[in-house]
Amino acid sequence: MQPTIRCNLRQVMYDREIRTFAEVIRRTGVNRNTIKKLYQSKDIHRIQLRTLSKLCAGLGCSLQELIHSP
């Protein structure tokens, strides 16, 4: 079954000229493995709202920019 929600972390990072996971970790405090999965948009069956909140705050983006439905 295909996920109905996709993560745009790769695009958000590109738009903000963030080139490394280390920079995302520094800005957000989110675990590297979580960032990697979201970046690759793989195996995303669930994500905690707290994680989404940290990513949006740390990267200066809206929830709409970070996730979308295909």
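Values as computed for the structure displayed
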| quantity | calculated |
| --- | --- |
| Matching residues, region 37-63, being open to solvent by 50 Å² or more (accessible area, probe 1.4 Å) and closer than 15 Å to residue 8 by Cβ | 37, 39, 40, 42, 47, 60, 63 |
| Residue, farthest from residue 7 (Cα to Cα), within region 17-58, restricted to residues that are in contact with a Ser or Thr (Cβ under 7 Å, 6 or more places away or on another chain) and among the hydrophobic types (A, V, I, L, M, F, W, C) | 30 |
| In region 16-33, the residues that are without any contact (Cβ under 8 Å) to a residue 24 or more places away in the chain and either assigned to a helix (DSSP H, G or I) or at negative phi (or both) | 19, 20, 21, 22, 23, 25, 26, 31, 32, 33 |
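The values are calculated or read from the model by the stated rules, or taken from the named source; none is laboratory data. Just so it is clear, the model here is predicted, and its values are computed rather than measured. Virtual Cβ from ideal backbone geometry, glycine too; neighbours counted across all protein chains shown. Note: areas computed on protein heavy atoms with side chains; ligands, DNA, RNA excluded. Shrake-Rupley method; radii C 1.70, N 1.55, O 1.52, S 1.80 Å.
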